[in-house]
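Student: Here it is: the structure, laid out below.
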Amino acid sequence: MSQNEALSAYSRFTEEERIRFLLELSHGLTVIARDAYFQGVIEKPDKLIKSNEFQHRLARLALDIMDKQVVHTDDEIAEYLRAGFAEVEGTEMLEEVIKRIEPGRRQHVQKEK
């Protein structure tokens, strides 16, 4: 699956899937940010700051969906996610989360638990 194909999946997600998607991305971003420090010493401050700011915006997008206050188009959100995860070197994680949440696959994941 190409990155563009994966991001187009966002437009097919239900509201609930979009919220879960954004929350899973936010969780994954914390793992990406861990690359910025080692044993409490910040080695990559720019990456840590970018990750923190990006996580802040991901949380806002999820809250906007829950509050029915969505102000961005699907294309804008998809491009924002693509660019943001590329900037923090998290494109692979983005694609993995999309694959887990794609319509039809989510139910399979739930049954495994």
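Student: How many of the residues in the range 58-77 are aliphatic (A, V, I, L, M) and at pLDDT below 85? If you could, list the steps in order and put the result at the bottom.
Tutor: Step one: of the range 58-77, the residues aliphatic (A, V, I, L, M) are 58-59, 61-63, 65-66, 70-71, 77.
Then drop every residue that is not at pLDDT below 85, which leaves none.
Of the residues in that region, 0 qualify.
Student: Does VAL71 satisfy the criteria of being touching a residue at least 24 places away in the same chain (Cβ under 8 Å) and over 15 Å from TYR10 (Cβ atoms)?
Tutor: no
Student: Applying the selection to the range 24-52, what residues are part of a helix (DSSP H, G or I) and acidic (Asp, Glu)?
Tutor: GLU24, ASP35, ASP46
Here's the yes/no breakdown for (1) surrounded by fewer than 12 Cβ atoms within 10 Å (Cβ to Cβ); (2) of a type in the set (Val, Ile, Thr):
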position: TYR10; (1), (2): no, no
position: GLU15; (1), (2): yes, no
position: LEU22; (1), (2): no, no
position: GLY28; (1), (2): no, no
position: VAL31; (1), (2): yes, yes
position: GLN39; (1), (2): yes, no
position: GLN55; (1), (2): no, no
position: ASP64; (1), (2): no, no
position: VAL70; (1), (2): no, yes
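Student: Name, by its number, the condition in (1) within 13 Å of the chain's Cα centre (by Cα); (2) in contact (Cβ under 8 Å) with a residue 40 or more places away in the chain that does not hold for THR14.
Tutor: (1)
Student: Something else: Counting just the residues of the range 41-53 that are more than 17 Å from LEU81 (Cβ to Cβ) and out of contact with any Leu (no Cβ under 7 Å at 6 or more places or on another chain), which one comes out surrounded by the fewest Cβ atoms within 10 Å (Cβ to Cβ)? Spell out the reasoning first.
Tutor: Step one: of the range 41-53, the residues more than 17 Å from LEU81 (Cβ to Cβ) are 41-49.
Checking the rest, the ones that are also out of contact with any Leu (no Cβ under 7 Å at 6 or more places or on another chain) come to 41, 43-49.
Working: VAL41: 6, GLU43: 11, LYS44: 14, PRO45: 10, ASP46: 11, LYS47: 19, LEU48: 18, ILE49: 13.
Here the answer is VAL41.
Student: Within the range 53-107, how many residues turn out to be of a type in the set (Ser, Thr, Tyr) and either in contact with a strand residue (DSSP E or B) (Cβ under 9 Å, 6 or more places away or on another chain) or in a helix (DSSP H, G or I) (or both)?
Tutor: Here is the first cut: in the range 53-107, the ones of a type in the set (Ser, Thr, Tyr) are 73, 80, 91.
Within this subset, residues satisfying the condition of being either in contact with a strand residue (DSSP E or B) (Cβ under 9 Å, 6 or more places away or on another chain) or in a helix (DSSP H, G or I) (or both) are 80, 91.
Qualifying residue count for the region: 2.
Student: Is there any pair linking a residue in the range 45-61 that is without any contact (Cβ under 8 Å) to a residue 40 or more places away in the chain to one that is surrounded by 14 or more Cβ atoms within 10 Å (Cβ to Cβ) and outside any helix (DSSP H, G or I), with Cβ under 7 Å and at least six apart or on different chains, and which?
Tutor: Partner pairs satisfying both residue conditions: LEU48/TYR37; LYS50/VAL88; SER51/VAL88; PHE54/VAL88.
The values are calculated or read from the model by the stated rules, or taken from the named source; none is laboratory data. Here the structure is a predicted model, which is why all the values come from computation and not from measurement. Don't worry about glycine lacking a Cβ; one is built from the backbone with ideal geometry, like all the others, and counts go over all protein chains shown.
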